[in-house]
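Q: Can you keep this structure in mind? I'll have questions shortly.
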């Protein structure tokens, strides 16, 4: 497949994943009614593992391919960080609004860019740098606009801190995945990754003595939806793209999540974005265009030059 077609396919898959991410805080809101956040996180991860189990059985050779100890350590570390991210972000939704949690967790481009330069020695393109400069303030405006609106959660400071910490942790997870995915297939990485995620959250549940059974059937249905959508489709699409796109670019693209989440939250929970939030959404979209558009324009210009 030509590089241009492959890149287009990657963006289509990532776009589908971003749509599922936008629905994630909404699904968590429905699942978390009267249920501890750790239980939501565990069953989300558990259902993801169960859904992957049949394919894991048939493709065991791909999952258990020969790797160095370093490779397995990196997969385990990625799973631990992703599990911690799930717990922190889901818990943040108990204390702050959908828009604030979604915005702050998508601050990961700042941390991804910093860690990419520091550890992976990746050079940031001008488009990505401009996207961060424009998009991150836009995301902040969404959060400020949400904070000045009505219906604010009772402990927004704690919720915002949890969401921001989740952004730092998920950026480390993306960087580890960027390295591992250069050697392993998508399934060979995702299957053991989600098993580690499930075990990590289970250990947290045992330490915190969080009950995992005895909830309403609808709760398990919402967790199943979280597993199918945000976990497998959302994070799965990002794990697929990590072989072809930098972790920084994926972090920038994730800035679209609060826009979709805010729109859905408006219709379901009457969380109306303020004028500041709408301005922030515009900046975020413009930042995405700056990050993605330059490469497409350059290819278009080169083709025109070749024709001339």
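The values are calculated or read from the model by the stated rules, or taken from the named source; none is laboratory data. This is a predicted model, so every value here is computed, not measured. Methodologically, a virtual Cβ is constructed for each residue, glycine included, from the backbone with ideal geometry; neighbour enumeration extends over all protein chains shown.
Q: Restricting region 266-308 to residues that are modelled with pLDDT of 75 or more and farther than 19 Å from residue 140 by Cβ, which is surrounded by the fewest Cβ atoms within 10 Å (Cβ to Cβ)?
A: The qualifying residue surrounded by the fewest Cβ atoms within 10 Å (Cβ to Cβ) is 267.
Q: Another question, if that's okay. Answer with yes or no whether residue 194 is on the phi < 0 side of the Ramachandran plot and more than 18 Å from the chain's Cα centre (by Cα).
A: In short, no.
Q: Scan 93, 19 and give me the residue that is closer than 20 Å to residue 212 by Cβ and in contact with a helix residue (DSSP H, G or I) (Cβ under 8 Å, 6 or more places away or on another chain). Steps first, answer last, please.
A: Values: 19 fails: closer than 20 Å to residue 212 by Cβ.
Sole residue among the options that is closer than 20 Å to residue 212 by Cβ and in contact with a helix residue (DSSP H, G or I) (Cβ under 8 Å, 6 or more places away or on another chain): 93.
Q: Okay, moving on. Under 6 Å by Cβ, and 6 or more places apart or on different chains, what pairs join a residue from region 254-269 that is more than 10 Å from residue 25 (Cβ to Cβ) with one that is outside any helix (DSSP H, G or I)?
A: Listed by first residue and then by second, the contacts come to 254/106; 255/106; 266/272.
Q: For region 152-163, which positions are at pLDDT below 65, surrounded by fewer than 16 Cβ atoms within 10 Å (Cβ to Cβ) and farther than 18 Å from residue 280 by Cβ?
A: Passing the criteria: only 154.
Q: Same structure, new question: Given the criteria under 21 Å from residue 28 (Cα atoms) and either touching a strand residue (DSSP E or B) at 6+ places or on another chain (Cβ under 7 Å) or touching a residue at least 24 places away in the same chain (Cβ under 8 Å) (or both), does residue 162 qualify? First the steps, then the outcome.
A: Values: under 21 Å from residue 28 (Cα atoms): yes; either touching a strand residue (DSSP E or B) at 6+ places or on another chain (Cβ under 7 Å) or touching a residue at least 24 places away in the same chain (Cβ under 8 Å) (or both): yes.
Against the criterion (under 21 Å from residue 28 (Cα atoms) and either touching a strand residue (DSSP E or B) at 6+ places or on another chain (Cβ under 7 Å) or touching a residue at least 24 places away in the same chain (Cβ under 8 Å) (or both)), residue 162 qualifies.
Q: While we're here: What's the number of the only condition in (1) at negative phi; (2) modelled with pLDDT under 80 that residue 40 fails to meet?
A: Exception for residue 40: condition (2).
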